[in-house]
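Let me begin by presenting the structure, written as structure tokens, before commenting on it.
What follows draws every value from the coordinates through simple rules; no lab data is involved. In this text the structure is predicted, and so the values were computed from the model without any measurement. Cβ atoms come from the backbone with ideal geometry, glycine included; neighbour counts cover every protein chain shown.
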Amino acid sequence: MTEQQAPADVPVAPPWKRDFPYEVLSEEEVTRREFARYLVLGAGTIAVANVGIAAWTQLRSINAGEPRAITPLADVAVGVPHLFRYPGDDDPAILVRLSDSEVVAFSQKCTHLGCVVYYEPDEERWHCPCHEGNFDTRTGNVISGPPTRPLGRIDLEVRDDGMIWALGRHT
Amino acid sequence: MRASDRARRTSSAVLLYVIILVAFQVFLVTVAVEAFQTDAESLAWATAAVSVVLFAAAAAFLRYLRP
């Protein structure tokens, strides 16, 4: 009976290792080249993710909204904000009556990191408490703080029946 | 300096460069997410471009590492 010969490219373990098959600790070590390879693999994954995020940012459609009745003008007191959802049910918006005839509305999401903004009548501004961002009451432009873009403005119209209509949102 | 010492230092430096590049990549993820939230398309694409360049640089550094 003859012993089977191992293929030439397969390293043959020495006889003592076959008799005492324990593992040396260093066999589990990761070389610095392997470690760097893992890092580069991670960097590649992150790069692909960043390209994906950019493509998603480019391709997603932002719902500007359809005309919709919000609330009767008579129900909104001057200087008291009215909360509603527009253009979708997940989009918080805020409306405030500045005078008898002037009504403005904005998306309630801060353009910095998406926190909810509140109306501060004393300061006449929209205020984001997360990072102290402030926006102009009438225009939604940035007054101070980290935001760089104005609030999303919602076009309004007061119709003959006294109902306030939202006509669409600017991003 | 012996050649082996120099090679070891070189590979350590290269490894350090790769670690710094990957750390910067992680930072770029936060920038990309912020660009997504604020709908800043140009910033998102610029971030993606820098991220790809950093990945290419990190991959190029692998050539200089000892096995």
Packing rank of A:122-130, A:103-111, A:75-83, B:39-47, where each peptide gets the mean count of other beta carbons within 10 Å, highest leading: A:103-111, B:39-47, A:122-130, A:75-83
Principal axis box of segment A:68-169, alpha-carbon based, largest edge first, Å: 41, 29, 16
Rounded, prolate or oblate: pick one for segment A:15-59, where a ≥ b ≥ c are the square roots of the eigenvalues of its C-alpha gyration tensor, a/c under 1.5 means rounded, and failing that, prolate if a/b is larger than b/c, else oblate. prolate
Cleavage-rule hits, trypsin sites (Lys or Arg not before Pro), chain B, DSSP coil, Cβ neighbours within 10 Å at most 15: B:R2
Shielding of B:19-26 by partner chains, average beta-carbon count, 10 Å: 4
For residues of B:9-15, the mean tally of beta carbons on other chains within 10 Å: 2
Calculate the FRET efficiency for A:E29 and B:A56 from the Cβ-Cβ distance with a Förster distance of 35 Å, rounded to the nearest 0.05. 0.75
To the nearest whole number, what is the average tally of beta carbon atoms from other chains within 10 Å of the beta carbons of peptide B:37-49? 6
Separation in nanometres of the label points that stand 7 Å from Cα toward Cβ, at A:E123 and A:D100: 3.1 nm
How tilted is helix A:32-59 with respect to the longest principal axis of chain A? Cα atoms for both, answer in degrees (0 to 90, nearest 10). 30 degrees
Please give the charge dipole size of segment A:68-169, origin at the Cα centre, charges +1 on K and R Cβ atoms and -1 on D and E Cβ atoms. Round to the nearest 20 debye. 340 debye
As a test of understanding, state the convex hull volume per residue of the protein assembly as shown from its alpha carbons, in Å³. 243 Å³
How many angstrom lie between the C-alpha centres of segment A:61-127 and segment B:25-67? 37 Å
Between 0 and 90°, nearest 10: helix B:3-37 axis offset from chain B longest Cα axis: 10 degrees
